[in-house]
């Protein structure tokens with residue numbers, strides 16, 4: 001079995017690329033979906049997150065409100081617009097610290113679940129290509145858990161447009177939100193430096209699909225070689 005980490009910056013198209021690989025026969029799981037399940041009421045991670053960030057992040061039915069949790073971790077997106085630069089810088093540092101606090105709670109449990117999932121895929125098919133889609137593989141120090149690292153890229157303006165469409169935001173609001181979230185991630189250039197493969201998702205989907213098809217053949221061959 002070949003373990004592949006699929007990562008990239010926000011709104012780069014990781015999920016689209018993951019779906020393309022799944023359509024070709026890869027086993028694909030999203031770390032975000034794992035984290036969502038771990039933060040359901042009654043789960044240990046849920047209890048820790050609520051204890052740490054408070055009931056303000058909860059919906060009336062006591063489920064976690066992802067938008068409110070993001071605000072608690074990253075800081076409110078637009079409320080600091082009128083602040084002076086020194087205050088804004090201080091708020092940014094505090095936000096990154098809160099993100100790190102959230103990651104320390106969630107990442108270990110997500111990584112354990114990913115490991116269990118990959119082991120299960122390997123037991124079902126020794127030649128499997130098991131792909132974990134996760135935004136923070138490098139930031140979580142999990143890159144060494146994979147045989148190959150694949151980074152999906154796009155240009156900054158596309159990132160903003162895609163984020164705006166996904167969340168039904170104006171372009172300026174989307175730009176601010178993208179910037180505040182990317183401040184908690186490694187720069188894309190740093191991810192590319194350590195990647196085994198890069199998919200450029202800047203062009204039409206057909207071009208991306210062509211890159212995925214070509215890479216899929218290589219990954220399948222590597223998986224078969226590794227299982228020998």
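The values are calculated or read from the model by the stated rules, or taken from the named source; none is laboratory data. Remember, predicted model here, so these are calculated numbers, not experimental data. Here the Cβ positions follow ideal geometry from the backbone for every residue, glycine too, while neighbour counts run over all protein chains shown.
Does residue 218 fit the bill of being under 17 Å from the mean Cα position of the chain (by Cα), surrounded by fewer than 16 Cβ atoms within 10 Å (Cβ to Cβ) and part of a helix (DSSP H, G or I)? Reasoning before the result, please.
Details: under 17 Å from the mean Cα position of the chain (by Cα): no; surrounded by fewer than 16 Cβ atoms within 10 Å (Cβ to Cβ): yes; part of a helix (DSSP H, G or I): yes.
Here the answer is no, as residue 218 does not meet what is asked.
For the stretch 21-30, which residues satisfy the criterion of being in contact with a strand residue (DSSP E or B) (Cβ under 6 Å, 6 or more places away or on another chain) and either in a helix (DSSP H, G or I) or under 20 Å from residue 188 (Cβ atoms) (or both)?
21, 22, 30
Restrict the check to the stretch 104-126 and report whether at least one residue is on the phi > 0 side of the Ramachandran plot and under 16 Å from the mean Cα position of the chain (by Cα). Give the derivation first.
We begin by selecting, within the stretch 104-126, every residue on the phi > 0 side of the Ramachandran plot; these are none.
No, because not a single residue in the stretch 104-126 is on the phi > 0 side of the Ramachandran plot and under 16 Å from the mean Cα position of the chain (by Cα).
Report the residue count in the stretch 38-65 for those that are out of contact with any helix residue (DSSP H, G or I) (no Cβ under 8 Å at 6 or more places or on another chain) and part of a helix (DSSP H, G or I).
Of the residues in the stretch 38-65, 3 are out of contact with any helix residue (DSSP H, G or I) (no Cβ under 8 Å at 6 or more places or on another chain) and part of a helix (DSSP H, G or I).
Quick one: which of 131, 137, 192 is surrounded by fewer than 16 Cβ atoms within 10 Å (Cβ to Cβ) and touching a strand residue (DSSP E or B) at 6+ places or on another chain (Cβ under 8 Å)? Show your work before the answer.
Numbers: 131 fails: surrounded by fewer than 16 Cβ atoms within 10 Å (Cβ to Cβ); 137 fails: surrounded by fewer than 16 Cβ atoms within 10 Å (Cβ to Cβ).
Criteria check complete, one pass: 192.
When you go through 5, 18 one by one, which is the residue that is part of a strand (DSSP E or B), in contact with a strand residue (DSSP E or B) (Cβ under 8 Å, 6 or more places away or on another chain) and under 23 Å from residue 112 (Cβ atoms)? Even if it seems obvious, please write down each step before you answer.
Numbers: 18 fails: part of a strand (DSSP E or B).
Only one candidate qualifies: 5.
Kindly establish whether residue 146 is under 25 Å from residue 129 (Cβ atoms) and either crowded, with 20+ Cβ neighbours inside 10 Å or in contact with a helix residue (DSSP H, G or I) (Cβ under 8 Å, 6 or more places away or on another chain) (or both). Let's see the steps before the verdict.
Working: under 25 Å from residue 129 (Cβ atoms): yes; either crowded, with 20+ Cβ neighbours inside 10 Å or in contact with a helix residue (DSSP H, G or I) (Cβ under 8 Å, 6 or more places away or on another chain) (or both): yes.
Taking the combined requirement at face value, the residue satisfies it.
Residues being crowded, with 16+ Cβ neighbours inside 10 Å and modelled with pLDDT of 90 or more: count how many of those fall in the stretch 177-189. Show your work before the answer.
Taking the stretch 177-189 and keeping what is crowded, with 16+ Cβ neighbours inside 10 Å, we get 177-178, 180-182, 184-186, 188.
Subset that is modelled with pLDDT of 90 or more: 178, 186, 188.
Residues in the stretch 177-189 being crowded, with 16+ Cβ neighbours inside 10 Å and modelled with pLDDT of 90 or more: 3 in total.
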